[in-house]
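Novice: Before anything else, here's the structure in question.
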Amino acid sequence: MKNFLKNNQHGALLLETLIAVMILAVGLVGIVGSFIVSLKADRESRNYLTAVILLENKLTEILSYRYLRPEIQGEGAFDDPYAGFHYKVTAEAAGPADILERVNVTVRWGETGSERVLEAATMMFIAPEDFPETI
């Protein structure tokens, strides 16, 4: 054994192994870190896509009415499985004529401080005064 290891190489194999393990550990930390970032990005992407679909559904529901009605406006939360997503529908005058209103739909999600918002708007006619309420 004495011939195999020269006097100046005692512990060299252990030192090389430790350096290799350190390099491997640094590489693994980087891989795990990028994996965590990709999971967060995936969750954000899924939430954004869900918000787009919910916004589109709310707009379709609003546009299914022939005219703008007061009960369309308001805010609330979507039912399960979309807990955590909230909507708000508002209307405002859209010009000098009293026949059109701009309808704004907002979908919010996320925690306070990091809340996300998606908005869309459309135009709707105001129901004439002689328009029956039951239609």
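The values are calculated or read from the model by the stated rules, or taken from the named source; none is laboratory data. Quick caveat, the model's predicted, so the values are computed rather than measured. Please note: Cβ atoms are built from the backbone with ideal geometry, for glycine as well, and neighbour counts cover all protein chains shown. For the accessible areas, the whole protein counts, side chains as well, though only heavy atoms, and no ligand, DNA or RNA atoms are used. Shrake-Rupley method; radii C 1.70, N 1.55, O 1.52, S 1.80 Å.
Novice: Using only alpha carbons, build the gyration tensor for the chain and give me the equivalent ellipsoid semi-axes, biggest first, whole Å. Let's see the in-between values first.
Specialist: On the way: eigenvalues 880, 30, 19 Å².
Square roots of five times the eigenvalues give 66, 12, 10 Å.
Novice: List the GluC sites (Glu not before Pro) in region 28-121 that DSSP assigns to loop (not H, G, I, E or B) and whose Cβ has at most 15 other Cβ atoms within 10 Å. Which are they? Intermediate values should be presented prior to the final figure.
Specialist: Working: sites: Glu44, Glu56, Glu61, Glu71, Glu75, Glu92, Glu101, Glu111, Glu115, Glu119; in loops: Glu111, Glu115.
When the GluC sites (Glu not before Pro) of region 28-121 are filtered for loop state and at most 15 Cβ neighbours within 10 Å, Glu111, Glu115 remain.
Novice: Quick query: amide H of Gly110 versus all other amide H atoms, modeled in the peptide plane; which residues come in under 5 Å with a sequence gap of 5 or more or a different chain?
Specialist: The list, which skips near neighbours in sequence, is Arg116.
Novice: Okay, next question. Report the relative contact order of region 49-135, percent, no decimals, based on alpha-carbon pairs under 8 angstrom and at least 6 residues apart.
Specialist: Values: 133 pairs, mean separation 23.5, N = 87.
It rounds to 27 percent for region 49-135.
Novice: On the accessible surface of the chain, probed at 1.4 Å, how many percent belong to carbon and sulfur atoms? Before the final figure, lay out each step's value.
Specialist: Numbers: 6280 of 10510 Å².
Within the chain, the accessible surface is 60 percent carbon and sulfur.
Novice: Okay, next question. With every protein chain kept in the model, how would you rank Leu55, Leu39 by accessible area, 1.4 Å probe, largest at the top?
Specialist: Details: Leu55 15, Leu39 90 Å².
If we order Leu55, Leu39 from most to least accessible, we get Leu39, Leu55.
Novice: Between region 23-45 and region 75-135, how many Å separate their Cα centres?
Specialist: 39 Å
Novice: Specify the residue with the greatest mean-square fluctuation among Leu18, Leu100, Leu49, computed from a Gaussian network of the chain linking alpha-carbon atoms under 10 Å apart.
Specialist: Among Leu18, Leu100, Leu49, the largest GNM mean-square fluctuation belongs to Leu18.
Novice: Projecting each Cα onto the charge dipole of the chain (Lys/Arg +1, Asp/Glu -1 at the beta carbon, about the Cα centre), which of Ser45, Gly27, Tyr65 comes out farthest on the positive side?
Specialist: Selected residue: Gly27.
Novice: Still on this structure, I have one more. Rounded to the nearest 10 degrees, what's the angle between the helix 12-63 long axis and the longest principal axis of the chain, both from Cα atoms, 0 to 90?
Specialist: 10 degrees
Novice: At most 16 other Cβ atoms within 10 Å and a DSSP loop assignment: could you name the trypsin sites (Lys or Arg not before Pro) in region 23-132 that fit?
Specialist: For trypsin sites (Lys or Arg not before Pro) across region 23-132 that sit outside H, G, I, E and B with at most 16 neighbouring Cβ atoms in 10 Å, the list reads Arg66.
Novice: Moving on. Give me the 1.4 Å probe accessible area per residue for the chain, excluding ligands and nucleic acids, in Å². Intermediate results must be reported in sequence, preceding the final value.
Specialist: Working: 10510 Å² over 135 residues.
Per residue, the chain has an accessible area of 78 Å².
Novice: To the nearest 20 Debye, how big is the dipole of the chain about its Cα centre, given +1 on the beta carbon of each Lys and Arg and -1 on that of each Asp and Glu?
Specialist: On the way: 12 positive and 18 negative charges, 281 e Å.
Here the chain has a charge dipole of around 1340 debye.
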